[in-house]
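S.K.: Questions regarding the structure given below will be posed in turn.
The values are calculated or read from the model by the stated rules, or taken from the named source; none is laboratory data. Every value quoted in this text rests on a predicted model; they were computed, and no experiment measured them. Neighbour counts are summed over all protein chains in view; Cβ atoms, including those assigned to glycine, are modelled from backbone coordinates with ideal geometry.
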Amino acid sequence: MMGKDTKVLLLVGGAQYHDQPEHRQILSEFIGAKFDLTMTDDLFGNYLPTWLVVRDKEVLKGYFEGESSLYTIKHLKAWLLPVLSWSAFIIMLWIVLLLISVLLRKQWMENEKLSYPIVRLPVAMTTEPSKFFKNKWM
């Protein structure tokens, strides 16, 4: 099973690596659009920022087909900026989600008095253990 980090790495180089004329033909048949199959530019490459994806096809070939090492200067230079860009994006996303939860916590906890059902069982077990464990339904 692929992890989330593997899926992000596929996003980083998948569009450039899999951009082949035969894939354009399959895509054009699938969506019913006509592509000029003689064009030399990338199918999606014009729409993706250069700092967000790996563009070097030799580096991507080593990643997708294996039998190559990441620890070469060429590979490290190609992957450095995209990995840092995606890492910064994910960290900023976590920070934003954390700040939103901090901002909404007071409203949820004090004013709306949300009950968290998953917490009720451990609280009941620790506050009155004798009453809890004598209950035949528990």
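S.K.: Pick out the one residue from Ser130, Ser85 that is modelled with pLDDT of 80 or more and exposed (fewer than 11 other Cβ atoms within 10 Å of the Cβ).
M.R.: Ser130
S.K.: Something else: Quick one: would you say Arg55 is assigned to a loop (DSSP other than H, G, I, E, B), more than 30 Å from Asn135 (Cα to Cα) and at pLDDT below 80?
M.R.: When the stated conditions are applied, Arg55 passes them.
S.K.: Let me ask something else. If you scan segment 71-125, which residues turn out to be aliphatic (A, V, I, L, M) and assigned to a loop (DSSP other than H, G, I, E, B)?
M.R.: Across segment 71-125, the qualifying residue is only Leu114.
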